[in-house]
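**Student:** Have a look at this one.
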Amino acid sequence: GAEGGAPPPPPQPAIEFTTLDDMVAASKEQLGGLFIKPKLSSKLLKRPPFSYLRAITAAAIETTGVATTLFSAEELGIGETSAGPDAPPPDKAAKIRFLVKLISWLRFASGERLDVFVSPAKVVSGQESEGTNLLLQYLGWVMKYAERATVDKAVEQTLAVAPEALYQQAIQIRSTIAKMQATYRGKLARRKAEAEARAREPQRAAAAAAA
């Protein structure tokens, strides 16, 4: 017979950068049912502005009651509309701090090194639509399926370290990985050149013998 208890949660989103359309569809699936507003618009998800990303985060926190102490009301932009049109938008540094905290929390809550795959600076400048969608997929998954104790501990772990320190750690890791990748690509290029040179040797020998 069927075993009792709740079914196991679905697996975490795959860390893979497919087509942008596929990533947007995956974001909609993971975030679906968490909130009514903001609407999950394919157009906005294809190049999510910071205000949209922040609104999604705020809505997910409000409707689930998860990670309510991670951000202040000011960081989430709550109350800005009541402050009138003259309320200044967050500057680039504030946007990056917000994303560093969000990425760090999702990293601790999921166990995946999202800080290696997603650059806050590129997200803010709109250069990393795929990375932003990966972030949104993990936001949806963590909000729906992660264990509450793990999620709460992840908030504590994130708030225990200054955003600037978290940011620098991630930059150093990404820099190290980039150097390793460059070294690996260099080795592959050298091996390819050596193999091509070896392949040409018999042709040269045959040409010399025929001369």
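**Student:** Taking the conditions exactly as written (β-branched (V, I, T), in a helix (DSSP H, G or I) and closer than 30 Å to T64 by Cβ), does V161 satisfy them or not?
**Tutor:** no
**Student:** Wholly within the stretch 1-85, which helices (runs of 4 or more DSSP H) include no fewer than the required count, namely at least 3 residues that are over 23 Å from E130 (Cβ atoms), modelled with pLDDT of 95 or more and touching a His at 6+ places or on another chain (Cβ under 6 Å)?
**Tutor:** On the way: elements: 20-31, 42-46, 50-64.
Per the criteria, no element qualifies.
**Student:** Just checking, does the stretch 93-112 include any residue being outside any helix (DSSP H, G or I) and closer than 22 Å to A14 by Cβ? Talk me through it step by step, then tell me what you get.
**Tutor:** Pass one, the stretch 93-112, residues outside any helix (DSSP H, G or I): 111-112.
Then keep just the ones that are closer than 22 Å to A14 by Cβ; that gives 111-112.
Yes, the stretch 93-112 contains at least one residue that is outside any helix (DSSP H, G or I) and closer than 22 Å to A14 by Cβ.
**Student:** While we're on this one: Taking the stretch 122-152, which residues are open to solvent by 30 Å² or more (accessible area, probe 1.4 Å) and part of a helix (DSSP H, G or I)?
**Tutor:** Those that are open to solvent by 30 Å² or more (accessible area, probe 1.4 Å) and part of a helix (DSSP H, G or I): K122, V124, E130, K144, Y145, R148, A149, T150, D152.
**Student:** A follow-up question, please. Name the residues in the stretch 10-57 that are touching a residue at least 24 places away in the same chain (Cβ under 8 Å), of a type in the set (A, V, I, L, M, F, W, C) and farther than 16 Å from L139 by Cβ, would you?
**Tutor:** Passing the criteria: F17, L20.
**Student:** If I ask for residues that are in contact (Cβ under 8 Å) with a residue 40 or more places away in the chain and either aliphatic (A, V, I, L, M) or open to solvent by 60 Å² or more (accessible area, probe 1.4 Å) (or both), which ones from the stretch 165-211 would you list? Give the derivation first.
**Tutor:** Let us first name the residues in the stretch 165-211 that are in contact (Cβ under 8 Å) with a residue 40 or more places away in the chain, namely 166-167, 169-170, 173-174, 177.
Within the stretch 165-211, L166, Q169, A170, I173, I177 qualify.
The values are calculated or read from the model by the stated rules, or taken from the named source; none is laboratory data. The shown structure was predicted, so the numbers you read here are calculated from the model rather than taken from an experiment. Ideal geometry is used to build each Cβ from the backbone, glycine not excepted, and the neighbour counts take in all protein chains shown. Protein only, heavy atoms only, side chains kept; ligands, DNA and RNA dropped before computing areas. Shrake-Rupley method; radii C 1.70, N 1.55, O 1.52, S 1.80 Å.
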